[in-house]
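Input: a single structure, listed below in structure tokens.
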Amino acid sequence: MATTNTATSNSNRKSNSKDQPTHAQYSDEEHPVSDKMADTLHHTVDGLHSSAAHAEEVLRAKSGESATAIKAQSRLLQQKWNKSGAKKYATENPVKTAGFAFTAGMLLTLFLKKK
């Protein structure tokens, strides 16, 4: 049953498409305003596409440069941290470091707390 319905609907589509004229069959004299508007819209979309493509290229280039700069900065900070006295102290005295961090957090909370 489904096969006959499909065959029937396909034949109906073919006959309907033959009855209806396509866009190419209309002359410019029949729809000059809509044809001009369609051409203008197509031109606008093409212009928008080129602008968006250019913006995408610029963003990709800038993001690549930014990623490289961030990686370099991260490596530099990691090297500085590994050589720092703070890391050495924190590694040698973890309990004192946790106590200082807790005290600093409490003091900051007291000072910044809204009354």
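Working out 0.36 nm times the residue gap between GLU65 and THR91, then minus their Cα-Cα distance, what length gain in nm do you get to one decimal?
Gain in length upon complete extension: 5.9 nm.
Residue-wise, which Karplus ³J(HN,Hα) couplings in Hz belong to the range 76-83, taking 6.51 cos²θ - 1.76 cosθ + 1.60, θ = phi - 60°, and x for glycine or proline?
5, 5, 4, 5, 5, 5, 5, 8
Within 10 Å of each residue's Cβ, count the other Cβ atoms and sort HIS31, HIS54 from fewest upward.
Details: HIS31 13, HIS54 10.
Listing HIS31, HIS54 from fewest to most nearby Cβ atoms yields HIS54, HIS31.
No value in this document is a laboratory result; all are computed from the given coordinates. All values derive from a computational prediction rather than experimental measurement. Using ideal geometry, Cβ is built from the backbone for each residue, glycine included, and neighbour counts are taken over all protein chains shown.
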